[in-house]
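What follows is a single structure, written as structure tokens, with notes after it.
The values are calculated or read from the model by the stated rules, or taken from the named source; none is laboratory data. Keep in mind the model is a prediction, meaning the values are calculated, not measured. As a convention, Cβ positions derive from the backbone with ideal geometry for all residues, glycine included, and neighbour counts pool all protein chains shown. With ligands, DNA and RNA removed, areas are computed over all heavy atoms of the protein, side chains included. Shrake-Rupley method; radii C 1.70, N 1.55, O 1.52, S 1.80 Å.
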Amino acid sequence: MASSKLLLFFVVLSTFKFISITCTDFAVGDEYGWKTPKSKNDSQIFNNWASKNRFIVGDTLHFEYDKDSVLAVTEEEYEKCYSSHPVYFSNNGDSVFHFDRPGLFYFISGVSGHCERGQKMIIKVLETAHPPQSGAEQNTTIGTSQGNAAPGFYALSSPTFVLFLVSFVGPVLVV
């Protein structure tokens with residue numbers, strides 16, 4: 001009897017991993033990296049890459065580059081391909097940017113002329129936990145996870161999980 005209770009406890013505990021959020025470290029541009037597009041036909045390479053991934057709060061971007069830099073900027077600075085006071089700046093060749101909030105993030109190269117040639121990117125970051133919406137409440141369609149995108153699981157707060165355990169598993173273990 002005690003072994004079946006213990007088994008039930010581990011089964012319930014192991015299912016918790018399926019409802020937790022895992023954050024992902026994205027390599028910007030995958031194998032292409034963060035570098036100036038080779039031709040005008042490639043000017044949307046980074047926005048195309050970003051649109052194929054799903055980003056959530058807690059994820060990170062990993063920029064790898066040579067003799068370049070990465071700046072997180074405002075929308076206006078993104079459009080102008082210039083920033084004198086970026087939100088984020090790094091030029092060490094191996095930069096990591098952490099998403100700490102949902103919303104739009106704008107990135108450009110800090111090297112003159114690179115942004116104008118397409119070395120820029122917009123990323124939309126989603127909240128980690130969203131209750132499912134009905135069809136009438138949805139304003140946009142969010143694509144499915146692809147590539148190395150974060151899994152689309154919902155977060156479950158600790159108090160909710162404890163309440164679940166106490167309500168459903170507790171009586172079984174007490175008996």
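A few comments on the model shown:
- Residues of the stretch 61-73 satisfying the condition of being exposed (fewer than 14 other Cβ atoms within 10 Å of the Cβ) and not acidic (Asp, Glu): Lys67
- Scope the stretch 51-79; condition touching a Lys or Arg at 6+ places or on another chain (Cβ under 8 Å) and part of a helix (DSSP H, G or I); matching residues: Tyr78
- The stretch 22-47 residues that are in a helix (DSSP H, G or I) and of a type in the set (Ser, Thr, Tyr), paired with ones that are at pLDDT below 95 and open to solvent by 30 Å² or more (accessible area, probe 1.4 Å) (beta carbon under 8 Å, 6 or more apart): Tyr32/Ile45
- Of the set (1) assigned to a strand (DSSP E or B); (2) free of Cβ contacts under 8 Å to residues at least 40 places away in the same chain, all apply to Ile123 but (2).
- Among the candidates Thr15, Thr24, the residue that is modelled with pLDDT under 85 and either hydroxyl-bearing (Ser, Thr, Tyr) or under 22 Å from Leu71 (Cα atoms) (or both) is uniquely Thr15.
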